[in-house]
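Each remark here refers to the structure printed beneath this line.
Read-outs throughout are calculated quantities, based only on the coordinates presented, and are distinct from any laboratory measurement. Quick caveat, the model's predicted, so the values are computed rather than measured. Counting neighbours? That spans all protein chains shown, and the Cβs are built from the backbone with ideal geometry, glycine included.
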Amino acid sequence: TPRVFSGIQPSGDLHLGNYLGAIQGFVRMQAQDIQTVYCMVDMHAITVWQDPADLRHSTRELAAGFIASGISPEKSILINQSQVPEHAQLAWVFNCVARMGWMGRMTQWKDKAGKNAEKASLGLFAYPALMAADILVYHATHVPVGEDQKQHLELTRDIAAKFNHDYGVDFFPITEPVIEGAATRVMSLRDGSKKMSKSDPSDASRINMTDDADTIAKKIRKAKTDPDALPSEAAGLEDRPEARNLVNIYAALNEQSVDAVLAEVGGQQFGTFKPKLAELAVAKMAPISTEMARLMADTAEIDRILAKGAEQAREITAPILKRTYEIIGMVG
Ligand code: AQP
């Protein structure tokens, strides 16, 4: 049976990019007859400094975001990475499989380490090997992610193939990325050339999943646009990054194609389109933020769900790690 794994870092406020690029797809996949494992990747978060109290809060809030969006602990295994130690154990093995050159070519590493790579943590450099372990410790076959994670998933495939080749086995599956929907890359509301991101210092650049209805509407009203009317076909959005972003967001929220949206709104000015978009975003996102707040009022329930998830997860990960150790010749 196909098995799906994906994760999100509890490294700040969850935003509309995380929702449309990842979580909405996670929810959709539950409907099918497949096993789904969704993870708060706290060990990835600490590759850059996190305040301990903030990390604890963000991890629970991310769990609340998953649940409020429709990920059901009855249908999916919901876990926090550090509570399933096999992730880190397999990551060490993969640190010894992956090559320095492969890691050095990762654009996320280059972007995040910047010019001062000497000062970056070793964990930030090794991040994609831990990500490969997250996926392969479940023998996951499909990984739903946003466009920005494509390169890391290719590396996951390279690590699986090299392991299988080096040890003469056919053990780790070659995982397929699942990148779909109209908003696999949601851009900043202030700058259509930058992706919407947790770490953008401007709160107005993103819609947070914790924003209330008024805040969502206000941020959309203030989003950067151009003075032209909307085109009636997708090709007309090519050199208009801000306009394209807002149309993509509308399409993804409404689970429609961009062409279907433009067939309706083509010819309209932003003065007409923005209130429609705001209404749609509020209708879809405000109930999620309300439910998140309710779940965060008593975190004991979240902690219980994560403890149960870790137990279920280890039934899968412990035998896969044990077999990995046997293959590589560890005495156990
Ligand atoms: N702007 C985006 N559009 C579409 N998908 C996105 N994702 C993130 N940003 C966008 C998808 O969300 C999932 C989880 O991402 P993550 O938390 O693991 O890491 P990230 O990509 O580093 O998220 P941020 O917000 O960009 O954080 P910072 O600012 O810390 O780098 C992934 O599936 C990702 O594709």
14 Å Cα-Cα reach of Lys162 towards aspartates and glutamates, excluding residues that sit fewer than 8 places from it in its own chain: Glu154, Asp170
How long is the gain from Ser193 to Ile174 if the chain were fully straight, where each residue apart is worth 0.36 nm and the alpha carbon distance is subtracted? 3.6 nm
Helix 270-296 vs. the chain, principal-axis angle (Cα, 0 to 90°, nearest 10): 40 degrees
Simple spin-label estimate for Lys222/Lys150, 7 Å along Cα→Cβ, in nm, reads 3.3 nm
Neighbour counts of other C-beta atoms within 10 Å: give me Lys218, Lys195 arranged from fewest to most. Lys218, Lys195
Before rounding to the nearest 500, sum -39500 (n - 2.57) across all DSSP H runs of length at least 4 in the chain and divide by the residue total; then give [θ] at 222 nm in deg cm²/dmol. -16500 deg cm²/dmol
Name the lysines eligible as straight-distance cross-link partners of Lys75: C-alpha to C-alpha under 17 Å, and not fewer than 8 places from it in the same chain. Lys308
Which distance in nm do the two modelled labels at Thr107 and Asp51 give, with both placed 7 Å along the Cα-to-Cβ direction? 3.2 nm
Determine, for each peptide in 132-143, 49-60, the mean count of other beta carbons within 10 angstrom over its residues, then list the peptides with the highest first. 132-143, 49-60
Cα centroid separation - the stretch 191-240 against the stretch 157-189, whole Å: 30 Å
How charged is the neighbourhood of Asn164? Take every other residue with its Cβ under 14 Å from the Cβ of Asn164, and add Lys/Arg as +1 and Asp/Glu as -1. 0
Between Asp259 and Arg314, what length in nm is gained on full extension when 0.36 nm per residue of separation is reduced by their alpha carbon distance? 15.4 nm
On a 22 Å Cα-Cα criterion, which of the cross-link pairs Lys150/Lys219; Lys198/Lys224; Lys112/Lys150; Lys110/Lys198; Lys112/Lys198 come out too long? Lys150/Lys219
